[in-house]
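Notes follow the structure.
The values are calculated or read from the model by the stated rules, or taken from the named source; none is laboratory data. Treat the numbers as computed from the prediction; the structure is a model and nothing was measured. Every residue, glycine among them, receives a Cβ derived from its backbone with ideal geometry; neighbour counts consider all protein chains shown. SASA here: full protein model, heavy atoms, side chains in, ligands and nucleic acids out. Shrake-Rupley method; radii C 1.70, N 1.55, O 1.52, S 1.80 Å.
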Amino acid sequence: MNELSSLLKRSIEGLGYQQGEYEDAAAAVVWLEARGMNGLEMIATAWPWLEGCSENRIELTNNSDGIPTLDANECSIAFCGRVAADLALAAIDESNISRIEIRHGQDCIAILASLDFFTAHDLYAVAHWYKNGALHIGVAQPQQPGCDYCCIKTPDNDVAKPETLTVCCSREVKKILAMALELAGGDSDYRNGIKVHSSDMQAHYNRAIANGMTVNAGTVNMLTAAADRV
């Protein structure tokens, strides 16, 4: 796992990205892959686009409601998920909850790797986004390893949903779980829609620690070619 992390860092640096960017992206990819969430497949699919976009920079603004908003400029969330988590943590107010939005980002699934940042600070967190006719929800709790990932198909006649990734965190579990249930449309829909439980992620991680991870040879060659530029 450490070797894969090192290779990813050098490979993404070889594409022209800066230290904070390649460290965060490598950490997100390894986190997903070790928990059975296809992190390497995600980065391999994005690789042709990443090769020409190292100059794209994340911009911080506020939306019309005054909520901090990151414009990812079509970059992978693997590169800015930790930034979003940092900002959300810093923005917790008297109501013990904060919210941040990420717009124009790719690979929203990568935000799951950043939810660990909240649980390390004894916070509860929920991330949600729409993609391919489905609502995706990730919920992290300090007492759970990994997170629960829920995917709920939206009605075919539903209006087009915005492709905005929203991250919320709170010190109060009730606020986060209530938000997740409201998004899902109810407790039964949320429970029935859970695709990967936190316990499943932890079991996959334990197997990765014990047995290592199998990486496609073509992916290794792709990463090695980029790493050789460093």
Before anything else, pin down the relative contact order of the chain: Cα pairs under 8 Å, at least 6 apart, normalised by residue count, whole percent.
-> 23 percent
On the accessible surface of the chain, probed at 1.4 Å with all protein chains in place, carbon and sulfur together account for a percent value of 47 percent
Please report, largest first and rounded to whole Å, the three semi-axes of the ellipsoid equivalent to the range 1-120, where each semi-axis is the square root of five times an eigenvalue of the C-alpha gyration tensor.
-> 25, 17, 11
Assuming 1.002 mPa s and 20 °C, estimate D for the range 108-230 with Stokes-Einstein, Rh taken as the Kirkwood radius over Cα pairs, in µm²/s.
-> 132 µm²/s
What does the accessible area per residue of the chain come to in Å², with a 1.4 Å probe and no ligands, DNA or RNA counted?
-> 49 Å²
Taking Lys and Arg as +1 and Asp and Glu as -1, residues besides SER98 with C-beta under 14 Å from its C-beta add up to -3
What figure in square angstrom, to the nearest 10, would you give for the accessible area of HIS121 with a 1.4 Å probe?
-> 90 Å²
Could you give me the ³J(HN,Hα) list for the range 216-228, computed from phi with Karplus coefficients 6.51, -1.76, 1.60 and θ = phi - 60°, whole Hz, x at Gly and Pro?
-> 4, 4, x, 5, 4, 5, 4, 5, 5, 4, 6, 5, 5
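If you average 1/r across every pair of different Cα atoms in the chain and take the reciprocal, what Kirkwood value do you get, in Å? It would help to have the intermediate numbers written out before the result.
Details: mean 1/r = 0.0552 Å⁻¹.
For the chain, inverting the mean 1/r across all distinct Cα pairs yields 18.1 Å.
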Quick one: which residues, 5 or more positions from GLN106 or on another chain, have an amide H under 5 Å from its amide H? H modelled 1.01 Å from N in the peptide plane, none for Pro or chain starts.
-> CYS75, SER76, ILE77
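What number comes out for the charge environment of MET37, summing +1 per Lys or Arg and -1 per Asp or Glu over other residues with Cβ under 14 Å away? Can you show the working numbers first?
Details: positive: ARG35, LYS195, ARG207; negative: GLU33, GLU41, ASP107, ASP116, ASP148, ASP200.
Computed value for this residue: -3.
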Taking θ as phi - 60°, what are the ³J(HN,Hα) couplings along the range 177-193 by the Karplus curve (6.51, -1.76, 1.60), each to the nearest whole Hz, with x for Gly and Pro?
-> 5, 5, 5, 5, 5, 5, 4, 6, x, x, 4, 5, 5, 5, 5, 6, x
Considering every Cα-Cα pair within the range 1-54, what fraction, in whole percent, is farther apart than 17 Å?
-> 28 percent
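What does the charge count around TRP47 come to, taking other residues whose C-beta lies under 12 Å from its C-beta (Lys +1, Arg +1, Asp -1, Glu -1)?
-3
Can you compute the FRET efficiency between GLU172 and THR219 using 1/(1 + (r/R0)^6), with r the Cβ-Cβ distance and R0 = 45 Å? Round to the nearest 0.05.
Values: r = 41 Å, r/R0 = 0.92.
For R0 = 45 Å, the calculated efficiency reads 0.60.
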